[in-house]
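Inspection log for the structure reproduced underneath, given as structure tokens.
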Amino acid sequence: MAGAMKALLAFFRQAEPRTAPSGWGIALDGAIAVGAAVAAVFEAAQTTSHGPVLGLVALTALPLALRRVFPIAAWLVIIAAIMVVQQATVPPVALGAAVFAAYSAIAYSKYRNLAIAGVVVVTLAATAYSPLPRFPGRLTAVLTIAPTVIAGLGIRELRRRLNDSAARLRRAADEQETATLQAIETERARISAELHDVVTHNVSVMVIQTGAARKMLKTSPGEAEEALLAAEAGGRVAMAELRNLLGLLSPTQRDGESAALHPQPGLHKLPALIERVSAAGLPVELDVSGTPRPLPPGADLAAYRVVQEALTNVLRHTANAATAVTIHWGDELVITVSDNGPGTGGNWGRGLLGLRERLALYGGQFDAGPRAEGGWRVRAVLPA
């Protein structure tokens, strides 16, 4: 028996989330309650002038002001007031207020099961002890329960579905915002990697060439001039690549005309790259074997950046170490850049991580490390 009582109490105490009523809603309910109370008192005054009775008649409608805040309590107060004044008078407005309060109890109470049971049981009990004639008065009151309960449950379910839809829309908006932010971060990282590759390589070459020109300026003016010309050419290449990259970010110029776009560099640009590096004083040999095949633009750019970054780091860390660039076309494209320097090329930082990410994006592999015979080796493998 105790277990059954606990289960029954748990059934009636089941609570559902409820949205707090708005200020406008409470203000509207207050206006409706005052208007209904005035109408009920006016109707009751036609049959009685007893002050306490009129005060109780006002209570048959005034609790409607709290029908969203305390729905079950408002319903019970209205029913109690009707039961007290029914011997004297029951204005039709009071009966309408009772039906409206019953609907509100089911539609707005967070205790749905308790509200349904309360409305049904209290209405049947109040009707049984009412002085109304059994037909049609009591029967009409009983038959009013069914549509009231159905309407309250229908509005409650509609509101729940609307809340669920709003929650799904909020989640979708949050997920879309998160995906957008992730895409922006990914694009920023890609642009940062491109700028790093372009600026680091070309500026490193220009610094070395300018430094060589400064040292040879007094002893070998002709060679110094050649070094400065090479630095100028490297600067023009860097500017061209930067304009191309920035043109991709902003393809429309301020005057509305389309910015000139050029293809990104690829393996076909390796001879020009090696020529610039050689002009900076780094001896580089290029060896290509196998049958070259077209690569997707992104993979072609990644392969080019591997060679560019490797040569840049040889220039920065090992000065004039002899370097070999090997391109082998087979089932896979294998790129190897090795030098005979002191083997300090591993301190790459961002460049090394950027190359690994680039190659992984196209299903490639990357490794770099010291050679057993001395120097440093960079090796990249891409599906061909």
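Structural remarks
- If only residues of segment 29-70 that are among the β-branched types (Val, Ile, Thr) and at pLDDT below 85 are counted, the one that is nearest to Lys110 (Cα to Cα) is Val53.
- Segment 112-126: number of residues that are farther than 19 Å from Leu64 by Cβ and either outside any helix (DSSP H, G or I) or touching a residue at least 40 places away in the same chain (Cβ under 8 Å) (or both): 4
- Of all residues assigned to segment 316-328, at least one qualifies as being among the aliphatic types (A, V, I, L, M), more than 18 Å from Leu270 (Cβ to Cβ) and at pLDDT below 85.
- Residues in segment 1-34 that are touching a residue at least 40 places away in the same chain (Cβ under 8 Å) and not in a helix (DSSP H, G or I): Arg13, Gln14, Ala15, Glu16, Pro17, Arg18, Thr19, Pro21.
- The single condition from (1) modelled with pLDDT of 90 or more; (2) not assigned by TED's automatic domain parsing to the domain that holds Ala146 that Ala2 fails is (1).
- Only residues that are out of contact with any helix residue (DSSP H, G or I) (no Cβ under 7 Å at 6 or more places or on another chain) and in a helix (DSSP H, G or I) were counted across segment 263-277, and they come to 5.
- Filtered by the rule that a residue be hydrophobic (A, V, I, L, M, F, W, C), farther than 18 Å from Ala101 by Cα and at pLDDT below 85, segment 143-188 gives Ala179, Leu181, Ala183, Ile184.
- Test result for Thr140, modelled with pLDDT under 85, touching a helix residue (DSSP H, G or I) at 6+ places or on another chain (Cβ under 9 Å) and assigned by TED's automatic domain parsing to the domain that holds Gly25: no
- The set of residues in segment 219-232 being under 20 Å from Lys269 (Cβ atoms) and buried (at least 17 other Cβ atoms within 10 Å of the Cβ) consists of Ala230, Ala231.
- Residue match in segment 23-36 (condition: surrounded by 12 or more Cβ atoms within 10 Å (Cβ to Cβ) and among the aromatic types (Phe, Trp, Tyr)): no
The values are calculated or read from the model by the stated rules, or taken from the named source; none is laboratory data. What you are looking at is a predicted structure, and each value in this text was computed from that prediction instead of being measured. Backbone-built Cβ (ideal geometry, glycine too); neighbour counts: all protein chains shown.
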